[in-house]
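Take a look at the structure below.
Every number in this text was worked out from the coordinates using simple rules, so none of it is lab data. All of these numbers come straight from a predicted model, not from anything done at the bench. Using ideal geometry, Cβ is built from the backbone for each residue, glycine included, and neighbour counts are taken over all protein chains shown.
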Amino acid sequence: MIYAYPCELKPDEDGGLVALFPDVPEAITGGKDRTEALTMAEDALATALVGYVHAQWEIPTPSQPGASQELVAVPTVLAAKLALYSAMREQRISSGELANRLRISESAVQKLIDSERNSPIAQVQKALQVVGRSMMVEVNAVRESERRREPASSPGDKNADTNYV
């Protein structure tokens, strides 16, 4: 699954834009302009999806974006952890069972799916393989008009270190 969700930008009464996600209705935010609204949308989406994990809900599958919708990607760090959480949930694999398969402690498995904890990417990839998943990173060019100065940080992204997810 590609962790990128369609986002609708709608004008608000103050002249700014409201950002809504049809697939993740809990993610609602806005900004004074398109750039700010999309930056805030990244954060709102990440926060809502972390809430799904805490509530032990299924992570929604993103729908195809409509012509007037923007596509907002989940930060890579969080996407890997959501993929592991989803696979464990789908297959009814407990943290203890995954710990046994990986030959690590249950608390180490919890760390792998906790968005507020850094985990070496190799450990997350190994855990994904154990549950029958693989992880790929895709990088695409963006139009000049879509470039923003700073990406939103994901919950728990204290260092934004590329060696950790």
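Just a few scattered comments:
- Sum of side-chain charges, Pro22 neighbourhood, beta-carbon under 15 Å (Lys, Arg +1; Asp, Glu -1): -3
- Gap separating the Cα centres of region 91-119 and region 1-63, nearest whole Å: 28
- Sorted by Cβ density within 10 Å, fewest first, the residues Leu112, Leu49, Leu102: Leu102, Leu112, Leu49
- Taking the helices alone, the chain has a mean residue ellipticity at 222 nm of -12000 deg cm²/dmol, built from -39,500 (n - 2.57) per DSSP H run of at least 4 residues and averaged over all its residues.
- Amide H contacts under 5 Å for Val72, placed H, 5+ residues apart: Tyr5, Cys7
- For region 1-101, chymotrypsin sites (Phe, Trp or Tyr not before Pro) are listed when DSSP marks them as loop and at most 15 other Cβ atoms sit within 10 Å of their Cβ; the list is Trp57.
- Zone of Lys10's modelled label, taken as backbone nitrogen in region 59-89 under 19 Å from a point 7 Å along Cα→Cβ: 63-72
- Environment charge at Leu128 (Cβ cut-off 14 Å; Lys +1, Arg +1, Asp -1, Glu -1): +4
- For semi-axes √(5λ) of the Cα gyration tensor in Å, the candidate list reads [x] 31, 16, 14; [y] 21, 19, 17; [z] 31, 23, 17; the entry that matches the value derived from this model is [x].
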